Amino acid sequence: LYTAFGGSGELRYAMSQPEFMDYKGLHVFENAAAYGGTGLTLTGRGEPERVRALTATRDLLPVLGALPRHGRNFEGDEGRSGSEPVVILSHEYWVNRFGGDATLLNSQLLLNDVSRRVIGILPPGLAFEGAEAIIPLYINPDSMTGRSSNSLNGVARLKPGVTLADAQRELNALTRQSIAL
């Protein structure tokens, strides 16, 4: 696993959607995902409550080597404008806030005034970036403008046999090429 494209996970920098697509296309990565932090407000279930959340591409959980324990991962164009709003909850948030209620799966939660269907519950202990909820982030490869909007982080899984040094060389070459443009 190669985190944050900037190094071993200790060094991080934000990137734009076009930059993420450049990184995703590198030959050293088996798969890559983008994510960003966000806050949501849960309403309609008692007092309004802030929820720590991520927006993430559908490949985040497979890159991390995890899939929802209940339900499913994001699919297809979920997150794209016009698609059904969905959410995946952390196991801890599901248990602590909803008492582990199995009927919550496929029900609706009102998050930031958007009704989202709960499609998955993560395995216990998977608290990536401390998120209690994950909503889908769709990156449209046909609208790759705006390299100055740096709001995403990345995580990738190296291909078998690829070393961190190999990945760093390829990342450095891509960075030099981007700067030269």
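Structure remark: mean-square fluctuation, Gaussian network model of the chain, C-alpha springs under 10 Å; the largest value among Ile139, Ile121, Ile88 belongs to Ile139.
With both bridge residues required to lie in the chain, what share of the DSSP beta bridges run antiparallel, to the nearest 5%?
75
If you sort the three axes of the alpha carbon gyration tensor as a ≥ b ≥ c, you get a/c of 1.5 or more for segment 60-142 and a/b no higher than b/c, which makes it oblate. With helices as the sole contributors, the chain gives -6000 deg cm²/dmol at 222 nm; each DSSP H run of n ≥ 4 counts as -39500 (n - 2.57), and the sum is divided by every residue. Between Leu158 and Tyr2, Glu30, the built amide H atoms are under 5 Å apart, and every one of these is 5 or more places off in sequence or on another chain. Could you identify which residue out of Ser90, Ser115, Ser81 has the top mean-square fluctuation in a GNM of the chain using Cα springs shorter than 10 Å? Answer for the Gaussian network model of the chain: Ser81.
For semi-axes √(5λ) of the Cα gyration tensor in Å, which listed value, (1) 28, 18, 17; (2) 48, 20, 13; (3) 31, 18, 14, comes from the coordinates shown? For semi-axes √(5λ) of the Cα gyration tensor in Å, the calculated option is (3). For the chain, a Gaussian network of Cα nodes joined below 10 Å ranks Gly46, Gly71, Gly120 by mean-square fluctuation, and the top entry is Gly46.
For segment 134-139, putting each phi into the Karplus relation 6.51 cos²θ - 1.76 cosθ + 1.60 with θ = phi - 60° gives couplings of 10, 10, x, 10, 9, 10 Hz, in residue order, rounded to whole numbers and with x for Gly and Pro.
Readers should treat all values here as calculations from the given coordinates under stated rules, not as data from a laboratory. Small disclaimer: the values here were computed from a predicted structure and weren't measured.
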